[in-house]
Amino acid sequence: MKLNKYLSLGLIGISLGFASCADDFLTAEDKQYVDKEVITELLENDPTFIDSYVSGIWSWMSTYGTTSTSHDDFSVMSVLHGCDMQTEDMTMYYFSWFGYDYGFENRSHDYRRTNVNWTTFYTMINKANEIIDFFPEEPEDPALRGALGNAYAVRAYSYLYLIQLFQDPTVGDENNRVLATDLLGVPIVASSSDGYTTEEADELQGRNTVGKVFEVIESDITKAIGLLDGYVRPSKNYIDQSVAQGIAARYYLLKQDWTNAAEMAKAARAEYPIMSGTAETNGIRDGFMDVTNSEWMWGFDHSSETQTTYASFFSHISNLAPGYSGIEYTGRGVDARLFSKMSVNDYRRAYWYRDGEGNTQSTAVGEATATAHLLPWAMLKFGWNGDWTMDYLYMRAAEMVLIEAEAYAQQGNTAQAATVLGELMAQRDPSWSQANATVEDVYLQRRLELIGEGFGYFDLKRLNKGVDRNYEGSNHMAGYKFVVPQDSVCWTYQIPQREMQENSHIAADQQNP
């Protein structure tokens, strides 16, 4: 029997009533009872109604309180920030929110962080499935193709994070890292339009193999890229073909498919210029807070209605905003050893406050810098616009340059890697002139360029690197100057306790160590 109704899969995704809706008579709960002919008629008469479902995903990605009312629970950006604190690149001045992440102590099945990570992405998957359910066949209308393409891209994006958070998809040492396709992955939530039988969809609720999850990611993002060909998005909140190609580039980098990683990254960034290293507008000194920046590929444009003040990304990371960091309640800084690896000519030194050196980003940020009580190494990369409507960054062109360069370096083509990396470095360090760039060269630039944007933890896992904060001159907090080896269980989150208890398809012995 074909699965032809909306799947309500119990706990998976921890559906807490956040479903999007268009009209009162067509809620997510009602869809399974609506005749297919009625849905077809709705789509033909007013295809724009589907946009409320798509925009509901962007709202969820920026919401506060996915599983609790704690101020370190604000959907995607809280997941990424929690992961960033599990590196050696970022420091805390005082223990507060995200302190347990900083201490590698927040991965247990009964802790909030695990629940936030799980709920954030499975809710996005459920919301994407609500859209995919409408389309048993591929639509022809451009707006509907765009909506469906966004849904498939969001599913791929979500599984890509889940498989890295709840498993380590690769095995081997640092010099010979290979995919482990037989390891236990994560549940797959099927849509009624995916073509599975009821029995097959039921079976997917268990811990599928890494290989199966990769298969779903690749299928979804390939569909998204095709559906989004020619699609013009209404704003950068939405995913267009370039963003879908960027998600594909991230996936192929993890998969170690270097050829496709390079091709997708190059295609994704084609229309986005690298921001200037000196300018206040469209430059690295603008505070990384405005989605209109020409290098930003995808982000969320906050308004006074959507901003979440103290329970927000900028509250925790910006020493210039009057949030937890700015009032010195916790603060964020850069690892001293990483800072020392920068050239004295590197414009990115402006990301941090050091011995009187500060960031003069814009008038508002400059005034904040003058009045803030900044501690050494304080993070100045992320600014303050005066009303908490700073935008969230999900993807930008510099990352695509770094993916393309690493893909060439991984294949041994270090000359081509240097050529590509040089496009970024021309706007970052005028003294940089390498003829060859190794994987380690690219990795250093990833750390310096993308710090605070949610990549550090994932890079450490896929490159099989540990954390060493215990070195002479370390500026990490007392008690947190430790070493976490690359083979530690601390790198992988446990499945949430409630999922283990209520999902009969996951056996007790399938819990992560």
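The values are calculated or read from the model by the stated rules, or taken from the named source; none is laboratory data. It should be emphasised that the depicted structure is a prediction, and the values quoted were computed from it without experimental measurement. Ideal geometry is used to build each Cβ from the backbone, glycine not excepted, and the neighbour counts take in all protein chains shown. These accessible areas exclude ligands, DNA and RNA; they are computed on the full protein's heavy atoms, side chains included. Shrake-Rupley method; radii C 1.70, N 1.55, O 1.52, S 1.80 Å.
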Most to least packed among 307-316, 272-281 [average Cβ atoms within 10 Å]: 307-316, 272-281
Accessible carbon and sulfur surface of the chain relative to its total accessible area, %, 1.4 Å: 48 percent
The chain - convex hull of alpha carbons, volume per residue in Å³: 137 Å³
Net +/- balance of residues flanking Ala507 in space, Cβ distance below 15 Å, scoring K and R +1, D and E -1: -3
The chain, accessible area per residue, ligands and nucleic acids excluded (1.4 Å, Å²): 37 Å²
Euclidean distance of C-alpha centroids, the range 84-106 and the range 453-490, integer Å: 10 Å
P(r) tail fraction, the range 417-513 - alpha-carbon pairs more than 23 Å apart, %: 51 percent
Computed lengthening from Cys490 to Val232, 0.36 nm per intervening residue step minus Cα-Cα distance: 88.7 nm
Net charge contributed by nearby residues that have their C-beta within less than 13 Å of Arg207 (K/R +1, D/E -1): -3
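Taking the Cβ of Leu450 as the centre, find all other residues whose Cβ is under 13 Å away and add up their charges (Lys, Arg: +1; Asp, Glu: -1).
With Lys, Arg at +1 and Asp, Glu at -1, the net is -1.
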Segment Tyr94-Gln511, extension gain: residue separation times 0.36 nm, minus the distance between their alpha carbons: 146.8 nm
Full-extension gain in nm, Asp301 to Ser108, via 0.36 nm per residue minus C-alpha separation: 66.2 nm
Packing rank of 487-497, 444-454, 467-477, where each peptide gets the mean count of other beta carbons within 10 Å, highest leading: 444-454, 487-497, 467-477
